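I have placed the structure first, in the form of structure tokens, so that the comments after it can refer back to it.
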Amino acid sequence: DNGELRAIFSVAPPLPTKTTTTGETAGGKSTTTTVTTLQYDPELRSPVWHTDQAFRSPPPFASLLYCRTSPPPGSGANTAFADMTAALAALPADRQTQLAGLRAVCSYAHHNAKVALRTPSYPLLTPKQRAAHPPQYQ
């Protein structure tokens, strides 16, 4: 809030993935495509997708990640970006219609409590912080 950089890290297991490789031949040329997708693990309730600072009113226009030093490969700290407009456009028309009337509830307190379950050293919000950031309906 006062312009200082802050970071608190949460320990989380690696995200489960599924890799699919397909091969095609077109016009005499052979191509191979490998796609790795994140898989939701209901036991871990992971991965958890979020939009940074969505609890603010108005919500942010965009999120950016600036990394000065990254952890070594395979050590976790996976970050992925998703184009939610493209994801919605890729859904069947009946599903888009079904979702059109829904709104999301973005709660800083809910997010804070979920992180604290995984990382007990993560500080919980004070009553004053909770009052300053009520849930937002987007």
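Taken together, the values in this text are just the output of simple stated rules run on the coordinates, not laboratory data. What you see is a predicted model; the values in this text were computed from it and never measured. A quick note on method: Cβ atoms are made from the backbone with ideal geometry, for glycine too, and the neighbour counts reach across all protein chains shown.
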Between Ala116 and Leu99, what is the label-point separation in nm under the 7 Å Cα-to-beta-carbon projection? 3.1
Taking 0.36 nm per residue of separation and subtracting the Cα-Cα distance, what length does fully extending Leu88 through Cys67 add? 4.7 nm
